[in-house]
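So the structure is just underneath, and the comments pick up after that.
Just so you know, all these numbers are worked out from the coordinates, no wet-lab data involved. Since this is a predicted model, take the numbers as computed values, not measurements. Note: ideal-geometry Cβ built from the backbone for every residue, glycine included; neighbour counts use all protein chains shown.
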């Protein structure tokens with residue numbers, strides 16, 4: 001058991017609710033602290049029994065949390081009247097309540113012990129205050145006051161976090177550190193109200209995982225299941241839910257206690273974008289009459305919708321208005337604006353009839369999702385009291401944001417965002433593929449454009465989206481409080497909350513990297529050809545990155561106390577292990593094809609490796625199902641291997657592999673890195689000319705190493721020898737024996753190499769064959785500055801600029817870790833109007849050295865941001881040296897109908913990048929400077945590749961070029 005003698009909580013809480021708390025030990029003078037627990041005695045918890053039931057629930061949760069920490073359950077007492085105080089003896093008490101309704105708190109205000117005017121009329125705000133001699137016979141009180149019921153609950157759960165109970169203690173089995181004493185510094189802390197009014201999640205695409213898990217553990221997706229969901233939301237300072245709706249789930253029908261339970265927990269219920277008037281999609285199938293068509297069946301639909309509203313009574317509900325097709329489809333082939341306006345008008349009449357109040361007294365939302373965007377684009381608007389809920393493109397890229405002048409009006413706006421999706425180009429449901437850095441960038445963009453009424457994220461099965469859920473909801477509380485530079489700290493704080501400070505920094509790096517690697521391409525979209533086996537050692541690099549991450553994760557697992565193992569496995573290790581295995585499987589399949597068309601014995605080896613990793617995938621899923629004695633059985637059971645179109649396969653399907661028939665005797669062959677591939681003519685003993693005869697050119701600035709891949713083309717083991725004819729040619733080995741293939745690496749000793757251009761040679765022999773390979777070098781003495789060309793390419797990560805210049809009203813910000821390979825740069829503030837004047841535009845400059853001159857292609861890798869302004873695209877300027885800057889449109893060619901199936905969109909979201917090209921004439925060999933001016937917010941530059949004529953096909957592109965500091 002993990003134990004600490006004393007924990008002192010300094011509740012001088014910053015607005016970042018996830019921030020670390022100052023913890024001290026062995027405090028001798030406890031007079032300055034409120035005693036929550038000491039000497040096996042806990043402070044009693046009081047609340048006004050006449051308050052909303054959530055106050056009682058919050059008080060009981062706090063009592064249970066203190067028991068989790070100390071082993072002692074504090075007494076919880078509901079006061080029916082203030083006169084009850086005299087009947088209870090207590091030294092220290094914790095009082096929970098609202099400023100408006102708690103008699104206990106009103107008495108303290110009347111007696112001048114506290115004041116609550118800062119909470120009057122506020123939304124979900126809370127105060128945590130210590131009070132001396134609050135009532136006769138009571139020495140000390142810790143008072144948690146909410147401006148409303150949720151505010152009080154958030155205050156309670158803030159305290160629970162600070163005493164060491166993670167919001168994920170149940171959902172991810174995060175252990176609670178046992179303490180002998182708990183003290184809190186005497187304090188008066190007032191929280192802010194959340195900047196986003198409604199903050200929540202959507203449980204979606206939840207079959208087979210969440211659905212089967214819920215039926216096994218709770219007997220259905222019922223109120224007992226939802227109690228766990230609602231508690232999780234409150235602990236994460238959320239208040240809003242779109243419930244599970246995968247057919248045939250119906251929140252209001254499956255368990256009549258579902259809506260009551262939501263109301264008891266203070267959760268505002270709503271329904272998804274295609275489920276109007278609180279009716280689940282499946283309900284029309286069960287209870288509706290006729291077709292789902294307002295033109296032909298409006299009376300039955302209105303009656304159906306009226307029944308949906310009648311059952312919610314006074315429960316706090318956000319009513320979805322509008323109408324889409326039956327299921328997640330368009331209502332009609334045409335954009336029938338008049339029809340949809342009529343539908344919403346009629347729905348508001350129903351709301352008034354049922355509630356007997358004006359329609360604007362009932363919160364409503366109109367979801368601008370998929371084809372509904374067309375209605376908005378054609379000018380359709382709704383009454384100002386209806387929240388207009390915009391959406392991303394299902395892949396984390398915001399589609400539309402209101403303009404400044406629009407946002408300043410009375411209209412209310414929300415955003416629907418995705419961590420999970422079923423649809424084109426390929427569904428992604430299995431693992432977390434969302435970088436919190438991208439969430440930060442897109443949601444800050446959203447917030448700064450005035451979208452602050454609703455933020456809701458599609459989180460699939462909840463697991464394994466724990467990290468992005470935490471971040472999304474923390475960011476929603478106060479987007480101003482988290483800057484780009486805070487993102488690495490967020491990982492560390494979150495790791496500290498789940499696993500303690502000892503390994504938080506290392507765990508933070510693991511979390512940041514595994515989500516980065518997964519976001520490059522979703523696991524479901526991986527194929528044997530995703531990563532290049534042939535160019536830039538890309539496939540091996542991917543495998544090595546994942547396996548290195550797995551080794552680091554295993555090392556942390558071994559160092560952690562065993563109590564942390566289950567949580568660590570769920571939140572960190574398992575996704576790394578599963579995805580490392582998956583990527584290695586696909587790379588093995590890629591190598592199977594690569595060596596197969598080259599007639600190598602390694603073909604059969606990699607066929608077996610593919611199968612081995614495929615079978616291991618099933619074992620890893622079973623391993624997950626067995627943790628916590630099967631508590632999470634069915635989670636992670638979504639199929640993810642073998643997609644043939646957008647929807648998931650019924651079963652995981654191993655990628656296809658091939659086997660080759662080999663000659664009995666060993667046969668020598670070889671492949672040269674970046675060399676010409678052999679043709680099938682190798683079967684002819686005279687066809688040695690089919691192999692490349694020359695290695696790429698070596699130079700001292702890049703100091704390359706290139707490999708000769710010695711391949712066996714027979715069944716017997718192959719013995720081979722490698723010799724160089726120059727002392728300046730260095731070989732990693734001079735001989736070997738291989739059943740399949742073996743790499744021999746070639747480097748140059750530049751102290752011995754002749755100046756200028758020269759050529760040496762290598763002789764490869766074995767199995768009666770002898771091959772001569774040329775080794776060309778260019779030992780030039782050019783003075784290099786900045787990033788240096790290698791093999792016709794200069795590759796630069798965006799944050800590695802030589803110089804940066806900000807302007808008076810705008811700046812360029814580095815977003816650490818954002819992107820497929822490095823970090824990114826963005827323009828802030830994110831609601832900046834276009835900076836047409838380059839003298840007022842921030843820029844970055846990159847020094848580079850080229851060995852050629854002529855016309856170069858510059859390939860700028862930008863995040864797949866959509867033209868959310870709808871003003872012709874998001875722009876930047878670019879130039880090399882003194883040429884006239886070119887205006888580049890990152891959304892060029894995207895103004896096509898039905899964007900979601902356009903080739904550019906399928907490619908950009910699948911690759912999670914857009915490559916934007918420009919052509920530049922560069923005169924002279926040597927040092928040059930590339931400059932980029934950002935003039936539109938939303939342009940996210942990840943990396944720059946200057947192609948001088950040698951760029952080869954690959955997914956991520958070449959590694960960053962060598963950099964030479966100016967002298």
Taking the simple approach of a point 7 Å from Cα along Cα-to-Cβ for both residue 311 and residue 619, what is their distance in nm?
4.8
Using only Cα atoms, find the angle between the long axis of helix 53-70 and the longest principal axis of the chain, and express it within 0 to 90 degrees, rounded to the nearest 10.
60
Separation of the residue 107 and residue 745 label points, Cα + 7 Å toward Cβ, nm:
7.7
Evaluate the range 342-446: find the radius of gyration of its Cα atoms, find its Kirkwood radius, and give the ratio Rg to Rh.
1.04
Students often check this: by mean Cβ neighbours within 10 Å, which of 234-246, 197-209, 791-803 ranks highest, and how do the rest follow?
234-246, 197-209, 791-803
In degrees from 0 to 90, rounded to the nearest 10, what is the angle of the helix 466-477 Cα long axis to the longest principal axis of the chain?
60
Indicate the gyration tensor shape class of the range 786-964 (rounded, prolate or oblate), computed on the Cα atoms with a ≥ b ≥ c the square roots of the eigenvalues: a/c under 1.5 is rounded; otherwise a/b larger than b/c is prolate and the rest oblate.
oblate
Calculate, in nm to one decimal, what residue 403 and residue 628 gain on full extension: separation in residues at 0.36 nm each, minus their alpha carbon distance.
76.0 nm
The range 641-673 and the range 606-621: distance between their alpha carbon centers, rounded to Å:
13
Rounded to whole Å, give me the distance from the Cα center of the range 703-765 to that of the range 815-836.
45
Where both partners of a DSSP beta bridge lie in the chain, what percent of those bridges are antiparallel, to the nearest 5?
65
For labels at residue 286 and residue 967 in the simple 7 Å Cα→Cβ model, what's the distance in nm?
8.0
Sort 292, 494 so the one with the fewest other Cβ atoms within 10 Å of its own Cβ comes first.
292, 494
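Answer rounded, prolate or oblate for the chain, using the Cα gyration tensor with square roots of eigenvalues a ≥ b ≥ c: rounded when a/c is under 1.5, else prolate when a/b is larger than b/c, else oblate.
prolate
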Per-residue Cβ contact counts at 10 Å, fewest first, order 901, 706 as 901, 706
Of 470, 519, how do they rank once you tally other Cβ atoms within 10 Å and put the fewest first?
519, 470
Projected area, mean over directions - the range 668-779, Cα convex hull, nm²
6.6
For the range 3-190, divide the Cα radius of gyration by the Kirkwood radius and give the resulting Rg/Rh value with two decimals.
0.94
Sites residue 483 and residue 755, calculated FRET efficiency, Cβ-Cβ separation with R0 60 Å, nearest 0.05
0.70
Normalised by the number of residues in the range 574-639, what is the relative contact order in percent for Cα pairs under 8 Å and 6+ residues apart?
30
For residue 32 and residue 664, what is the calculated FRET efficiency with R₀ set at 60 Å and r taken between the beta-carbons, to the nearest 0.05?
0.10
In nm, what is the difference between 0.36 nm times the number of residues separating residue 952 and residue 217 and their Cα-Cα distance?
259.4 nm
Relative contact order (percent) for the chain, with alpha-carbon contacts under 8 angstrom and 6 or more residues of separation?
9
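Would you mind calculating the relative contact order of the range 483-659 from Cα pairs under 8 angstrom and at least 6 residues apart, reporting the percent as a whole number?
20
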How fast does the range 696-836 diffuse by Stokes-Einstein, in µm²/s, taking the Kirkwood radius from C-alpha pairs at 25 °C and 0.890 mPa s?
128
Based on alpha-carbon centroids, what's the gap between the range 293-364 and the range 126-143 in Å, whole number please?
49
If the chain between residue 185 and residue 298 were fully extended at 0.36 nm per residue, the gain over the current Cα-Cα distance would be 34.5 nm
What angle do you read, to the nearest 10 degrees and between 0 and 90, between the alpha-carbon axis of helix 209-218 and the longest principal axis of the chain?
40
For the range 864-916, what class follows from the C-alpha gyration tensor (a ≥ b ≥ c being the square roots of its eigenvalues): rounded when a/c is under 1.5, otherwise prolate if a/b is larger than b/c, else oblate?
prolate
In what sequence, highest mean first, do 623-636, 852-865, 926-939 appear when ranked by Cβ atoms within 10 angstrom?
926-939, 852-865, 623-636
